[in-house]
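The values are calculated or read from the model by the stated rules, or taken from the named source; none is laboratory data. Nothing here was measured: the structure is a model prediction, and the numbers come from that model. Note: ideal-geometry Cβ built from the backbone for every residue, glycine included; neighbour counts use all protein chains shown. All accessible areas refer to the heavy atoms of the entire protein, side chains included, with ligands and DNA or RNA removed. Shrake-Rupley method; radii C 1.70, N 1.55, O 1.52, S 1.80 Å.
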Amino acid sequence: MKKLITVLVLLSFGPVCSQTSDSIPLHQKKMQWFKDAKLGIFIHWGLYAVDGIDESWSFFNGYISHADYLKQTKGFNAKSYDPGEWVDLIKESGAQYAVITAKHHDGFALWDTKYGSLNAIKSSAAKKDVLTPFVNELRKNRLKVGIYYSLPDWSYADYTHFTRDSIRYTVEEDPKRWNAFLDYYQGQLRELSERYNPDLYWFDGDWEHSAVEWQAAKVRQLLLGKNPNAILNSRLKGHGDYATPEQGMPITRPKEPYWELCMTTNDSWGYQKTDLNYKTTDQIIGIFADVIGNGGNLLLDIGPKADGSIPKEQTDLLKGLGRWVHKHGEAIYGAVAGIPKEHFYGPSTLSKDKRTLYLFVKGNPNGEVVLRGLKNNINRIWVVGQGSKLEHQVLGKVYWSEYPGIKYIRVPEHVLDENMTILAVLLDGEVNLYRETGSVIESN
Ligand code: GLC
């Protein structure tokens, strides 16, 4: 029976981790910083910033020729690049980790790789390694280091796919050539792991080949052999540690124990001058609240310009988000997913011991917010980051029924946050919810 339970627990981890050899407690331990971090900053920086076009996809999909795409190397100069400034901004946003595109599908590497020559040093106006100084700054500031690495390399002569309409060869046709590519990409990964020992690898593009073709299990072993605590995202054909929904906040709570929503601030991953369709600070905070209320992380993307400066719209958004995150840190970092929406019509989180419930209140509730079906008594309520104590009233509770009534919390206007207010509700024990459909009261 015990064996069966262990097997069931292992299975319930889902495809994301089922193929790992980590034991569950060890895996949980390794994932803890990630689970607690809540916010990361994604950085898409590469050639595409020069013309302000879609990263890699613009030539793959035929909007520009490969030759013209590569001409952007002449404009990638990094002349205003200040990794210290980048990291200050990341810290100010409240993020605990960053993930940077060391190499996107176009094959342009930001570091001094000895594999291939399409990189920032040998073939761009920058003529320098732009990855190492950033990683050093992250480490200096105790932020976790995430490396985005695209498995496909559409510019590399020995890779199968070139553009949507032209494939160089298939693996069956030329396994030797494919092996040459495997040596190349795994060599780059070995380099990245030896040089930077990343806390997190963010793979992308696994859809172009099978797990066997990529040698995904071997790659996982290679990276974990170097650092058993390294975390791998899901995009290594089922050999990763956490799920990566993209752009859209999941509507229902994802079942995976670990997940991260990656999202752009406007509609583009890299810098695109003409894309001004930015989300507002309020909207980003609203989405972030939904994400953490459902137990996930947000990986919010920025796209620096070719000279290394970060567009003002993006800087402003990160600063605005940071003001709010720092003020409300106790309800964010280390918290866990909140209560189901039937009980509170908004996002919520819980402290790890589940004795403090955090309610996220958007706008002005005009007097009170409502908590339904909470069996606990409330010991104290306060406004996070502001400190005021709040009063509450319980209505509809009858002593002969389990039904706990409705709790109304009075929220005066002067305690409201300009973006989103958070109320901390200290309970008399672990959160305990009434989940019945209601019943006839037989005695009065
Ligand atoms: C997609 C795209 C890629 C982008 C990534 C970010 O997989 O291929 O361009 O970098 O999403 O999640």
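Here the relative contact order of the chain, from alpha carbon pairs under 8 Å that lie six or more residues apart, stands at 16 percent. Accessible area per residue for the chain is 44 Å², calculated with a 1.4 Å probe on protein heavy atoms, without ligands, DNA or RNA.
Starting from one equal scatterer on each C-alpha and no solvent at all, send me the Debye-based log10 I(q)/I(0) for the stretch 248-340 at q = 0.11, 0.22 Å⁻¹, two decimals. Treating every Cα as an identical point scatterer, log10 I(q)/I(0) equals -0.35, -1.13. Across the stretch 336-427, Cα pairs under 8 Å and at least six residues apart give a relative contact order of 35 percent.
For the chain, the fraction of C-alpha pairs farther apart than 43 angstrom is 21 percent. Per-residue accessible area (protein heavy atoms, 1.4 Å probe) orders VAL219, VAL398 as VAL398, VAL219, starting from the largest.
Loop only per DSSP, at most 11 neighbouring Cβ atoms within 10 Å: give me the chymotrypsin sites (Phe, Trp or Tyr not before Pro) in the stretch 362-444, ordered by residue number.
Values: sites: TRP382, TYR399, TRP400, TYR408, TYR434; in loops: TYR399, TRP400, TYR434.
Answer by residue number: TYR399, TRP400.
Over the stretch 119-253, what percent of the accessible surface lies on carbon and sulfur atoms, probe 1.4 Å? Answer for the stretch 119-253 is 51 percent, counting heavy atoms of protein chains only. Summing +1 for each Lys or Arg and -1 for each Asp or Glu among the other residues whose beta-carbon sits under 14 angstrom from that of ALA180 gives -3.
Given DSSP loops and a limit of at most 16 other Cβ atoms within 10 Å, what is the longest stretch of the chain that contains no such GluC sites (Glu not before Pro)? Counting at most 16 other Cβ atoms within 10 Å as exposed, the longest clean stretch of the chain is 1-171.
Here is the list for the stretch 33-96: chymotrypsin sites (Phe, Trp or Tyr not before Pro) lying in DSSP coil, each with at most 15 other C-beta atoms within 10 angstrom of its C-beta, are TYR63.
With 27 Å as the limit on Cα-Cα distance, the pairs of LYS237/LYS279; LYS176/LYS218; LYS255/LYS389; LYS74/LYS218 that go past it are LYS237/LYS279; LYS255/LYS389; LYS74/LYS218. The smallest convex shape that holds all Cα atoms of the stretch 336-427, its convex hull, gives 97 Å³ per residue.
Other residues lying with their Cβ under 13 Å from the Cβ of SER388 contribute a combined charge of 0, Lys and Arg counting +1, Asp and Glu -1.
Tell me, how many Å apart are the Cα centres for the stretch 54-130 and for the stretch 286-349? Distance between centres, Cα-based: 26 Å. Given their separation in residues at 0.36 nm each and the Cα-Cα distance between them, ILE24 and GLU330 gain 107.4 nm when the chain is fully extended. Look at the alpha carbon pairs under 8 Å that are at least 6 residues apart: their mean separation over the length of the stretch 222-295 gives a relative contact order of 22 percent. In straight-distance terms, cross-link reach from LYS71 covers every one of the lysines whose alpha-carbon lies under 25 Å from its own, apart from those fewer than eight places away in the same chain; here that gives LYS79, LYS103, LYS114, LYS122, LYS127, LYS128, LYS273, LYS305.
Using the Cβ of PRO245 as centre and a radius below 13 Å, the other residues enclosed give a net charge of -1, where K and R count +1 and D and E count -1. Between LYS74 and ARG253, the FRET efficiency estimated from the beta carbon spacing at R0 = 41 angstrom works out to 0.30.
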